[in-house]
Amino acid sequence: LNESINMLEEKLRDIEEVKISETTKELEKEIEDLKKMRRKIEKEIDNIITKIAPNLTEIVGPVIAARLLEKAGSLERLAFLPASKIQILGAEKSLYKALARMKKGKPAKTPKHGIIFIHPFIRTLPKKKRGKMARFMAAKLAIAAKLDYFKGELDESLAEAVRKKYEELRRSKK
């Protein structure tokens, strides 16, 4: 939906440069309708993911939690993944490229994070601290996924630990 909206907005700008017409007005209305649908879908996802995976949602928010579940395939699969795999979920392509380069004896950097990179606690840290935060968050997400799968009850201490670690890394000089 996001890709469609972006593409249509780009086409709308192209059309407006040439001519403003009734068709342009109709396209604007359709784009606005798509944006309303996106917001509606996002709210629905928020409600569902909060019920299914309250601990994951508490740590990384509904969007990232939903993406992690989608990438893993199910909450059960996510619950049985090791933290190292959760950390790079979504970065498989770069991981395999790096491994292929290493196999050929060439230098390569393995990815430090996948989907979880879009979380502000990782994205806003300096590059040298992102890997440490990604590892810590992935470890807490592994615990959260297990809690959600086996218990289904919220444990706020996990999210609090992630916030404390972020603050600690943000303030440290190294």
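Numbers below:
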{"read-out": "Residues being farther than 19 Å from residue 116 by Cβ and either open to solvent by less than 80 Å² (accessible area, probe 1.4 Å) or touching a Ser or Thr at 6+ places or on another chain (Cβ under 6 Å) (or both) - total across region 141-153", "value": "1"}
{"read-out": "Count of residues meeting criterion [among the hydrophobic types (A, V, I, L, M, F, W, C), touching a residue at least 40 places away in the same chain (Cβ under 8 Å) and within 19 Å of residue 58 (Cβ to Cβ)] in region 105-130", "value": "4"}
{"read-out": "Failed criterion for residue 162 (all others in (1) over 18 Å from residue 68 (Cα atoms); (2) surrounded by 16 or more Cβ atoms within 10 Å (Cβ to Cβ) hold)", "value": "(1)"}
{"read-out": "Matching residues, region 41-66, being of a type in the set (D, E, K, R) and open to solvent by 60 Å² or more (accessible area, probe 1.4 Å)", "value": "42, 43, 44, 51, 58"}
{"read-out": "Among (1) open to solvent by 50 Å² or more (accessible area, probe 1.4 Å); (2) more than 14 Å from residue 114 (Cβ to Cβ) - the single one residue 71 does not satisfy", "value": "(2)"}
{"read-out": "Filter result for residue 170 (open to solvent by 30 Å² or more (accessible area, probe 1.4 Å), touching a Leu at 6+ places or on another chain (Cβ under 9 Å), more than 24 Å from residue 50 (Cβ to Cβ) and charged (D, E, K, R))", "value": "yes"}
{"read-out": "Test: residue in region 153-164 that is of a type in the set (Gly, Ala, Ser), more than 20 Å from the chain's Cα centre (by Cα) and in a helix (DSSP H, G or I)", "value": "yes"}
{"read-out": "Helices (runs of 4 or more DSSP H) lying entirely in region 1-104 (those with 2 or more residues that are in contact (Cβ under 8 Å) with a residue 24 or more places away in the chain)", "value": "2-18, 22-52, 54-72, 75-79, 83-88"}
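The values are calculated or read from the model by the stated rules, or taken from the named source; none is laboratory data. This one's a predicted model, so the numbers in the text were calculated from it and none came from an experiment. Virtual Cβ from ideal backbone geometry, glycine too; neighbours counted across all protein chains shown. These accessible areas exclude ligands, DNA and RNA; they are computed on the full protein's heavy atoms, side chains included. Shrake-Rupley method; radii C 1.70, N 1.55, O 1.52, S 1.80 Å.
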